[in-house]
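Asker: Provided herewith is a single structure, encoded as structure tokens, for subsequent inquiry.
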Amino acid sequence: MNPNPNIAQIASLVSDASRAAILTALLDGRYHPAGELAHMANIKPQTASFHLSKMVTANLVTVEKQGRHRYYGIANQEVAQIMETLLSISPPVEIRSLNQALEHKAIRHARTCYDHLAGSLGIQLTDSLLSAGVLSDVGDQFTVTEKGVAFFQTFQIDLERVKKKRRSFTHRCLDWSERRHHLAGALGHALLERLLELAWIQRMPKTRAISITPEGKRGLKETFHIDIE
């Protein structure tokens, strides 16, 4: 009897184009009904429901029931990280329309990677925190410095509360579009939530792309020395 985990089962689920499209759509960190995911994956609702059922059984996707409705989301950070890694080694998608080109550009500029920021904005924020001495880069983790403790306190992020979450605190996540690492983990999530709270960034409907508000452009410039065109 083979004592190893059944990697082939998970690999076969992810290798299907429709299931991969659904999982990629769910990297926005939100919960979606099957019909909406079917539209995103360009498949029939019945087909989406079939694929979602398989992925729920395999613990790749989780489901929440609200009355007669069901909403689906990525099961955990580990699944999201696997999908981002696969995206980083996958060949680029052929752009066939103006809408595709615009969405591709928006996603590369700023997007959610499950529950933290990615894309050019995610990399720039991470670089800014490293350059300012707020974070230091150690192995596969970022470390918050003494200067960083003071910075996050001023920025109204409670590090002690964030550290209590049962997950990695400051791990590095490989950005598929930038081919570099950005801040992830519980602190990456807290930073995303704080920027949303300040209304510096906004989630966009039916996409992982994030928009930066005029107030956000000013705030990012003043706090992180990031110039947004």
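The values are calculated or read from the model by the stated rules, or taken from the named source; none is laboratory data. These figures come from a predicted structure and were not determined experimentally. Heads up, the Cβs are rebuilt from the backbone with ideal geometry, glycines too, and the neighbour counts pull from every protein chain shown. The accessibility values were calculated without ligands, DNA or RNA, using every heavy atom of the protein model including side chains. Shrake-Rupley method; radii C 1.70, N 1.55, O 1.52, S 1.80 Å.
Asker: Could you grab the Rg to Rh ratio for segment 55-107? Cα atoms only, Kirkwood for Rh. Kindly include the intermediate steps, with their values, before the conclusion.
Answerer: Values: Rg = 15.3 Å, Rh = 13.7 Å.
Dividing the radius of gyration by the Kirkwood radius yields 1.12.
Asker: So, one more: Which value, in Å², gives the accessible area per residue of segment 140-220 when a 1.4 Å probe is used on the protein heavy atoms?
Answerer: Values: 4360 Å² over 81 residues.
In whole numbers, segment 140-220 has 54 Å² accessible per residue.
Asker: Here is a further query. Within segment 69-99, which residues have the backbone N less than 17 Å from the label spot 7 Å out from Thr207 along Cα→beta-carbon, could you tell me?
Answerer: Answer for segment 69-99: 93-99.
Asker: While we're on this one: For the chain, what % of the accessible area comes from carbon and sulfur atoms, probe 1.4 Å?
Answerer: Values: 6760 of 12940 Å².
The nonpolar share, carbon plus sulfur, comes to 52 percent.
Asker: Ok, one more. Under 19 Å from a point 7 Å along the Cα-to-Cβ line of Asn42: which residues of segment 81-124 have their amide N that close?
Answerer: Answer for this model: 87, 90-108.
Asker: Please find, in a Gaussian network model of the chain (springs between Cα atoms separated by less than 10 Å), the residue of Asp127, Asp158, Asp175 whose mean-square fluctuation is greatest.
Answerer: Sorting by GNM fluctuation, first place goes to Asp158.
Asker: Based on the inverse mean of 1/r over its pairs of different Cα atoms, what is the Kirkwood hydrodynamic radius of segment 1-83, in Å? Write down the numbers at each step before the final one.
Answerer: Details: mean 1/r = 0.0771 Å⁻¹.
Across segment 1-83, the inverse of the average 1/r is 13.0 Å.
Asker: First check a/c for segment 161-210, with a ≥ b ≥ c the square roots of the eigenvalues of its C-alpha gyration tensor; if it is under 1.5, answer rounded, and if not, answer prolate when a/b is larger than b/c or oblate otherwise. Before the final figure, lay out each step's value.
Answerer: Numbers: a/c = 2.29, a/b = 1.15, b/c = 2.00.
Judged from the Cα gyration tensor, segment 161-210 comes out oblate (a/c at least 1.5, b/c at or above a/b).
Asker: Mind jotting down the distance between the C-alpha centroids of segment 151-204 and segment 42-96, whole Å?
Answerer: Spelled out, the Cα-based centre of one part sits 23 Å from the other.
Asker: Considering the zone a paramagnetic label at Ile82 would reach in this model (a point 7 Å from Cα along the Cα-to-Cβ line), which residues of segment 14-29 have amide N under 16 Å from it?
Answerer: 14-27
Asker: Further question: Once you keep just the Cα pairs under 8 angstrom separated by 6 or more residues, what percentage relative contact order results for segment 42-98?
Answerer: Values: 27 pairs, mean separation 10.8, N = 57.
Computed over segment 42-98, the figure is 19 percent.
Asker: In whole Å, what are the extents of the chain along the principal axes defined by its C-alpha atoms, from largest to smallest?
Answerer: Per principal axis, max minus min of the Cα coordinates gives 51, 50, 40 Å.
Asker: Once you've got the Cα coordinates, tell me which of Lys163/Lys221; Lys105/Lys164; Lys164/Lys206; Lys147/Lys206; Lys54/Lys164; Lys105/Lys147 are over 30 Å apart.
Answerer: Details: Lys163/Lys221 28 Å; Lys105/Lys164 36 Å; Lys164/Lys206 32 Å; Lys147/Lys206 38 Å; Lys54/Lys164 33 Å; Lys105/Lys147 35 Å.
Those over the limit are Lys105/Lys164; Lys164/Lys206; Lys147/Lys206; Lys54/Lys164; Lys105/Lys147.
Asker: Here is a follow-up. Where is the GNM fluctuation largest for the chain (alpha-carbon springs, 10 angstrom cutoff): Gln66, Gln46, Gln153?
Answerer: Gln66
Asker: Continuing with this model, one more query. Multiply the residue gap between Lys147 and Lys163 by 0.36 nm, knock off their C-alpha separation, and tell me the result in nm, one decimal place.
Answerer: Working: separation 16, 0.36 × 16 = 5.76 nm, distance 1.71 nm.
Fully extending the segment from Lys147 to Lys163 adds 4.1 nm.
Asker: Give me the three principal axis extents of segment 133-229 from the C-alpha atoms, as integers in angstrom, largest value leading.
Answerer: 32, 30, 24
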